[in-house]
Amino acid sequence: MKCKRLLIFLSSVLFTLLFLRCNDNLNSNPDPGVLRIYLVTNPADTTIKIGFDSLTVTNSDNFTITIGQMKIYSEDNNYAKLFTNFSGYKDEEVEYNLLQRKQGKFVPQMIAETYIPPNEYKKVEFVVYPPKNVTIYGLTFPIEIPDDYEPLISLDHNFKIDQNEEYDIYIRFNAFHSITRWRDTYIFTPIFEIINEQEWLLR
């Protein structure tokens with residue numbers, strides 16, 4: 001009987017120690033930071049030449065691209081998936097009209113809002129699917145997709161995510177420099193670049 005009680009006592013002590021150790025490991029995990037990524041249209045790139053006419057963006061125009069499979073890469077080449085909002089859990093392909101304007105200015109499109117482990121990161125990646133057509137100044141014209149089109153966009157950017165801190169990335173899209181005329185067609189070759197927040201605020 002004494003041996004049985006001793007065995008029960010030792011088992012309970014062992015269980016308690018294991019529980020405390022596991023609980024300590026859970027508590028040692030750092031709190032995540034928050035990463036938001038905004039897609040912004042270059043306000044200096046608003047005109048395209050169609051035939052003999054130079055057309056400028058109006059408030060009713062449309063240049064819709066589809067974005068998905070967003071990731072960031074750490075310095076040790078591990079990656080974290082990005083989602084459009086905090087409740088996201090799977091890859092989504094979302095359409096964004098990058099000519100959307102409000103009070104004469106392009107509206108920044110938030111394409112990612114995600115909790116991220118604290119770490120040092122070096123790269124942002126996502127895929128871009130081009131529009132079938134673009135409307136500018138009321139004129140709609142088709143967009144040609146080249147045979148060698150590569151949808152993956154990879155942008156080098158060194159940044160650090162600290163726990164409980166927020167970090168914003170602004171990616172500028174050069175809408176009409178991304179369209180090249182070839183004879184009677186317009187070919188989509190997207191041009192993106194990461195800019196600092198001050199550049200965007202001073203647009």
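The values are calculated or read from the model by the stated rules, or taken from the named source; none is laboratory data. Here the structure is a predicted model, which is why all the values come from computation and not from measurement. Ideal geometry is used to build each Cβ from the backbone, glycine not excepted, and the neighbour counts take in all protein chains shown.
Residue count for the stretch 42-61 satisfying the condition of being closer than 10 Å to Arg101 by Cα and surrounded by 14 or more Cβ atoms within 10 Å (Cβ to Cβ): 2. The number of residues in the stretch 57-74 that are out of contact with any Lys or Arg (no Cβ under 8 Å at 6 or more places or on another chain) and aromatic (Phe, Trp, Tyr) comes to 1. Just one of the listed residues (Thr114, Thr135, Thr84) is in a loop (DSSP other than H, G, I, E, B), among the β-branched types (Val, Ile, Thr) and surrounded by 16 or more Cβ atoms within 10 Å (Cβ to Cβ), and it is Thr84. Under the condition of being over 30 Å from Pro142 (Cβ atoms) and hydrophobic (A, V, I, L, M, F, W, C), the residues counted in the stretch 28-77 number 3. Scanning the stretch 92-103 for residues that are in contact (Cβ under 8 Å) with a residue 12 or more places away in the chain and either in contact with a Phe, Trp or Tyr (Cβ under 7 Å, 6 or more places away or on another chain) or part of a loop (DSSP other than H, G, I, E, B) (or both) gives Glu92, Glu93, Asn97, Leu98, Leu99.
Yes/no per residue for (1) closer than 23 Å to Glu144 by Cβ; (2) assigned to a strand (DSSP E or B):
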{"position": "Asp31", "(1), (2)": "no, no"}
{"position": "Leu35", "(1), (2)": "no, yes"}
{"position": "Val40", "(1), (2)": "no, yes"}
{"position": "Asp45", "(1), (2)": "yes, no"}
{"position": "Ser60", "(1), (2)": "no, no"}
{"position": "Ile65", "(1), (2)": "yes, yes"}
{"position": "Gly68", "(1), (2)": "yes, yes"}
{"position": "Ile72", "(1), (2)": "no, yes"}
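Of all residues in the stretch 89-136, those being under 13 Å from the mean Cα position of the chain (by Cα) and of a type outside the set (Phe, Trp, Tyr) number 18. Of the strands (runs of 3 or more DSSP E) lying entirely inside the stretch 138-202, those containing at least 3 residues that are exposed (fewer than 15 other Cβ atoms within 10 Å of the Cβ) span 139-142, 152-161, 179-182.
In this structure, does Val124 turn out to be in a strand (DSSP E or B), closer than 30 Å to Asp53 by Cβ and assigned by TED's automatic domain parsing to the domain that holds Gly68? No. Here Ala175 meets the list (1) touching a residue at least 12 places away in the same chain (Cβ under 8 Å); (2) within 16 Å of the chain's Cα centre (by Cα) almost entirely, failing just condition (2). Of the residues making up the stretch 102-139, those that are farther than 27 Å from Ser87 by Cα and among the basic types (Lys, Arg) are Lys102, Lys105, Lys132.
Here Asn119, Asn97, Asn133 are screened, and the one residue that is over 19 Å from Ile65 (Cα atoms), assigned by TED's automatic domain parsing to the domain that holds Tyr73, touching a Ser or Thr at 6+ places or on another chain (Cβ under 7 Å) and of a type in the set (S, T, N, Q) is Asn119.
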